[in-house]
Structure formats: C-alpha cells, structure tokens
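Participant: Next up is a structure, given as structure tokens.
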Amino acid sequence: MPQILIDADACPVKDETYKVAWRYNVPVIVVSNSPIRVPAHALISRVVVSDAFDAVDDWIVEHVEAGSIVVTADILLADRCLKAGCGTVIAPTGKLFTSASIGNAVAVRAIMADLRAGAVGDGIGGPPPFGKADRSRFLSMLDEAVGRLRR
C-alpha cells in the first residue's frame, strides 16, 4: 500500500497532495518542525519533530519504504530517501528524482551553492518563483506515481 510523506515546512503543494490522496484512498503523513494545520481526515496524519537540524529529514528517511512517495524540494533529502529504498520522490515543481538523476541534481546543487557563496554569485539568485505550471506538473506526476504504485 503506498503512502505519501510530505516534507511540509515550506511545501506549496500540500492541498494538491491531499486531493490526490483522497482520490486514491492513500494515507498522507505531514512531517514538520512546528505544528501545521492539516485537514481533519482519517487519511491525513501530522508528525511534529524537534526543531533540530535535519530532524524532519531524519524522520522521513527512517519511515520510507519501497511503496512510499516523498514530496520534497530538498535535493539532499531526495538523495537520502532514494538510497533508503523509497519508491518515488517528487519535488513540488513536479520534477521526479530517480536513482539515475539524483547524482546530477546533487552536483548542480553543490555548484550553485558554491557560485552563490563566491564573488561570482552576485546576482545568481535561487530558483524561479513557484507558479501554476509547476503546480500542474506536480499534480500530474503525483497522480501518475500513485496510480503506478497501486497497480
């Protein structure tokens, strides 16, 4: 049985995740450092961990299984989840992280962090703003992932 775990503190697609979960009758665990309001529904549960560095990430990695879907924008958490045997990791933008693509994503993240930290980084900035197209890609990818795991 698939389950969805959300790295929730800054996740912009929690509501979309709930809708897909309700459609397929899949449980969702919302993991955060501080209390986040979640719908009062039997499929939705909330886990609040300490505010220690990586506490959310550590909890998620400890609870993933082959049938888990993790929703996170954190590339390093995605890498840890895949190495722990997680079936599917999806970014809020709809990007699917796989064992074949995660190495490149980690490398690009490291390069961009170095560029932003150095003099070359003046004006590099971060990722583009989250938009409607990102939300749509996420919904499509999550729907496809849940459907695939339920087969």
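Participant: Taking the criterion of being β-branched (V, I, T), surrounded by 15 or more Cβ atoms within 10 Å (Cβ to Cβ), farther than 23 Å from R151 by Cβ and modelled with pLDDT of 95 or more, would at least one residue in the stretch 74-87 satisfy it?
Facilitator: No, there is no match, as no residue in the stretch 74-87 is β-branched (V, I, T), surrounded by 15 or more Cβ atoms within 10 Å (Cβ to Cβ), farther than 23 Å from R151 by Cβ and modelled with pLDDT of 95 or more.
Participant: Can you say whether V61 is in a helix (DSSP H, G or I) and closer than 24 Å to K95 by Cβ, as far as the supplied structure shows?
Facilitator: Working: in a helix (DSSP H, G or I): yes; closer than 24 Å to K95 by Cβ: yes.
So V61 passes the test.
Participant: Can you pull out every residue in the stretch 128-151 that is closer than 13 Å to T17 by Cα and touching a residue at least 12 places away in the same chain (Cβ under 8 Å)?
Facilitator: R135, S136, R137, F138, L139, S140, M141, L142, D143, A145, V146
Participant: Would you be able to tell me the number of residues in the stretch 107-148 that are modelled with pLDDT under 80, under 20 Å from I75 (Cα atoms) and among the hydrophobic types (A, V, I, L, M, F, W, C)?
Facilitator: Result for the stretch 107-148: 9.
Participant: Could you go through the stretch 25-32 and let me know if any residue there is touching a residue at least 40 places away in the same chain (Cβ under 8 Å), surrounded by 15 or more Cβ atoms within 10 Å (Cβ to Cβ) and touching a Lys or Arg at 6+ places or on another chain (Cβ under 9 Å). Give the steps one after another, and end with the answer.
Facilitator: If we filter the stretch 25-32 for residues that are touching a residue at least 40 places away in the same chain (Cβ under 8 Å), which is where we start, we get 26.
The next check asks that each one be surrounded by 15 or more Cβ atoms within 10 Å (Cβ to Cβ); those that pass are 26.
Pick out the ones that are also touching a Lys or Arg at 6+ places or on another chain (Cβ under 9 Å) and you get 26.
Yes: one or more hits.
Participant: Looking at A100, is it of a type in the set (A, V, I, L, M), in a loop (DSSP other than H, G, I, E, B), modelled with pLDDT of 65 or more and farther than 23 Å from V20 by Cα? Even if it seems obvious, please write down each step before you answer.
Facilitator: Numbers: of a type in the set (A, V, I, L, M): yes; in a loop (DSSP other than H, G, I, E, B): yes; modelled with pLDDT of 65 or more: yes; farther than 23 Å from V20 by Cα: yes.
It is true that A100 is of a type in the set (A, V, I, L, M), in a loop (DSSP other than H, G, I, E, B), modelled with pLDDT of 65 or more and farther than 23 Å from V20 by Cα.
Participant: Do we have A10 as within 22 Å of D143 (Cβ to Cβ) and either outside any strand (DSSP E or B) or in contact with a Ser or Thr (Cβ under 6 Å, 6 or more places away or on another chain) (or both) here?
Facilitator: Details: within 22 Å of D143 (Cβ to Cβ): no; either outside any strand (DSSP E or B) or in contact with a Ser or Thr (Cβ under 6 Å, 6 or more places away or on another chain) (or both): yes.
Against the criterion (within 22 Å of D143 (Cβ to Cβ) and either outside any strand (DSSP E or B) or in contact with a Ser or Thr (Cβ under 6 Å, 6 or more places away or on another chain) (or both)), A10 does not qualify.
Participant: Follow-up question, since we're still on this one. Is it the case that some residue within the stretch 32-55 is within 11 Å of the chain's Cα centre (by Cα) and modelled with pLDDT of 95 or more?
Facilitator: Of the residues in the stretch 32-55, the ones within 11 Å of the chain's Cα centre (by Cα) are none.
No, every residue in the stretch 32-55 fails to be within 11 Å of the chain's Cα centre (by Cα) and modelled with pLDDT of 95 or more.
The values are calculated or read from the model by the stated rules, or taken from the named source; none is laboratory data. None of these values were measured; they are calculated from a predicted model. As a convention, Cβ positions derive from the backbone with ideal geometry for all residues, glycine included, and neighbour counts pool all protein chains shown.
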